[in-house]
C-alpha cells in the first residue's frame, strides 16, 4: 500500500483542485486542462453543480481544515492527471467531494507513428 498523502504535501494547483471538489461536493467538472502533469485553471473548468432537494448542498467539512489525509479516489485522480501530462480532461464526476468517474480523450498510437500532433 502506498503511503498516505496529505493535502499540505500537494502543489498549489493540486490543492486548488481538491478545494474545488470539496466546495462543490456534487458536481461535474468539465474541460479541465492539464499542463506539466498538474491541473490548470486558465481557462477555468466549467462547474455543473448538482443540487439535491432536501439534502445538504454545502461544502464538505474538510474544506475548512488546513490539512488532512487524501482519500484513495482523490489520489487516483491526481495520478491520472500526472500521467496525462498535457491535455484536457473532458469530465470529472464528483460525489460527496470525491471523484467517481473521469473521462479523457486518448488517441491510439501505432508502431512508427508520432505520439503528438
Between residue 56 and residue 103, what is the spin-label point distance in nm, taking each point 7 Å from the Cα along the Cα→C-beta axis? 2.9 nm
Relative contact order (percent) for the chain, with alpha-carbon contacts under 8 angstrom and 6 or more residues of separation? 33 percent
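Could you line up 105, 79, 30, 62 from fewest to most neighbouring Cβ atoms inside 10 Å? Walk me through the intermediate numbers first.
Numbers: 105 8, 79 12, 30 15, 62 18.
Ranked by crowding around the Cβ, least crowded first: 105, 79, 30, 62.
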Report the label-to-label distance for residue 46 and residue 111 in nanometres (one decimal), using points 7 Å from each Cα along the Cα→Cβ vector. 4.1 nm
Rounded to the nearest 500, what is the 222 nm mean residue ellipticity of the chain from helices alone, with -39500 (n - 2.57) per DSSP H run of 4+ residues and division by all residues? -6500 deg cm²/dmol
C-alpha center-to-center spacing [region 1-37, region 71-103] in angstrom: 8 Å
Return one number: the angle in degrees, 0 to 90 and rounded to the nearest 10, between the long axis of the Cα atoms of helix 72-84 and the longest principal axis of the Cα atoms of the chain. 30 degrees
Two-decimal ratio, region 17-117, of alpha-carbon radius of gyration to 2.2 N^0.38 Å: 1.20
Rounded to the nearest 0.05, what FRET efficiency is calculated for residue 96 and residue 12 with R0 set to 25 Å and r the Cβ-Cβ distance? 0.55
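Where a number appears in this text, it was derived from the coordinates with a stated rule and is not lab data. Bear in mind the structure is a predicted one, so any value in this text is a computation, not a measurement. Because the Cβ atoms are built from the backbone with ideal geometry, glycine has one as well, and the counts that use them run over all protein chains shown.
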